[in-house]
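In what follows, a single structure is set out as structure tokens and then discussed.
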């Protein structure tokens, strides 16, 4: 499976762009701020029905325009698939596959598997637990439709339970039976989600260790420690035992929405002991493990997006990463970088097809092709 071509109209800094791609490696080269990452984001959009960087759809419309359109043609199992997305201001987003609009955007998730590696991945280490839960949920949702449905239903039930708690506080009134109705839904969906997350982390860890060792040329042990209140507690008991606390705070204090993922290097949290280079290697290895995991589970090699990941890596480590993605284990790769010299030197030494596009704002030229 690969993306043959893409067209953008009024997307971010682009007026009207049409590009055709290599089924292997495609590089976008240019200075910072010219729109390299916006091209990757458009590709990401066609897989996930949303931007990687900006969840407010209308904010991705070019300034002073009324709409944007992203359209891509994929070859999947030797069949052409056309994916279309359009967003007009103050209107519902349209998302279509082969001219047929999706009833639910969630039905599209996983159809075009994709992994994005970006400088913003550092948030997985330095920010709060929500970022790490989103990482877990984003991976599992690409291959497990039931998980995605359970997650959506859990979040809706959680929202309704929290609304109820706030209303009870305002009205100085409490109805335990109403709370129990939402408890039942949280328990049913939450237990399923917890079970899937445990298995995912257990299966991912050895793949992750393999990639970390290769990229870093190091045997230091990496760990992913999944924390959840449901490990050693019955969910129903947790909800019942914390009901007074929930009443006072006016929100649900226990459940899988409080789960976290502790990332360790050599037995210690990488947030506190890891250098910039170690943290970046950790994250790149984690995303490569994500790629392998999705590939094994659903049988397709995801599209891989590498956004400006070579900064702060020495030439040896860059070469190791390029050697990895050039391997037959990977399929189509998109890379952004500020240095055409660096990529030209590395790619020219490989027996692999690649395109290099030079970008200057909305001016894009095919600079080199192998």
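Every number here is computed from the coordinates shown, using simple stated rules; none is lab data. All figures in this text were calculated on a predicted structure; none of them were measured in a lab. Because the Cβ atoms are built from the backbone with ideal geometry, glycine has one as well, and the counts that use them run over all protein chains shown.
When DSSP beta bridges are restricted to pairs lying wholly in the chain, around 70% turn out antiparallel.
Short-range pairs are left out: with C-alpha atoms under 8 Å and at least six residues apart, the relative contact order of the chain is 25 percent. Centroid-to-centroid, using Cα positions, the range 161-181 and the range 28-48 are 45 Å apart.
Ordering of 283-291, 252-260, 153-161 by packing is 283-291, 252-260, 153-161, highest average first (other Cβ atoms within 10 Å, averaged per residue). Set against the labelled values (i) 69, 52, 36; (ii) 48, 47, 41; (iii) 63, 50, 45, Cα extents along the principal axes in Å computed from this structure falls on (i).
Between the Cα long axis of helix 129-141 and the first principal axis of the chain there is an angle of about 70°, rounded to the nearest 10. Peptides 196-208, 95-107 ranked from most to least packed give 196-208, 95-107, packing being the mean of other C-beta atoms within 10 angstrom over each peptide's residues.
With each run of n ≥ 4 DSSP H residues scored as -39500 (n - 2.57), what mean residue ellipticity at 222 nm is computed for the chain after dividing by its residue count and rounding to the nearest 500 deg cm²/dmol? It would help to have the intermediate numbers written out before the result.
On the way: 11 runs with 160 residues, N = 370.
It comes out at -14000 deg cm²/dmol, rounded to the nearest 500.
Can you tell me the orientation of helix 176-216 relative to the chain, as the angle in degrees between its alpha-carbon axis and the longest Cα principal axis, to the nearest 10? Roughly 30 degrees, rounded to the nearest 10.
Quick one: 24, 80, fewest Cβ neighbours within 10 Å first, how do they rank? Intermediate results must be reported in sequence, preceding the final value.
Values: 24 18, 80 10.
Final ranking by Cβ density, sparse to dense: 80, 24.
Taking the longest Cα principal axis of the chain as reference, the axis of helix 276-298 is set at about 80 degrees.
How would you classify the range 124-295 from its alpha-carbon gyration tensor, with a ≥ b ≥ c the square roots of the eigenvalues: rounded for a/c under 1.5, else prolate if a/b is greater than b/c, otherwise oblate? Prolate, because a/c is 1.5 or more and a/b exceeds b/c.
Rounded if a/c is under 1.5, else prolate if a/b is larger than b/c, else oblate: which is the range 275-345, with a ≥ b ≥ c the root eigenvalues of its Cα gyration tensor?
Working: a/c = 2.23, a/b = 1.44, b/c = 1.54.
Note, shape of the range 275-345 comes out oblate.
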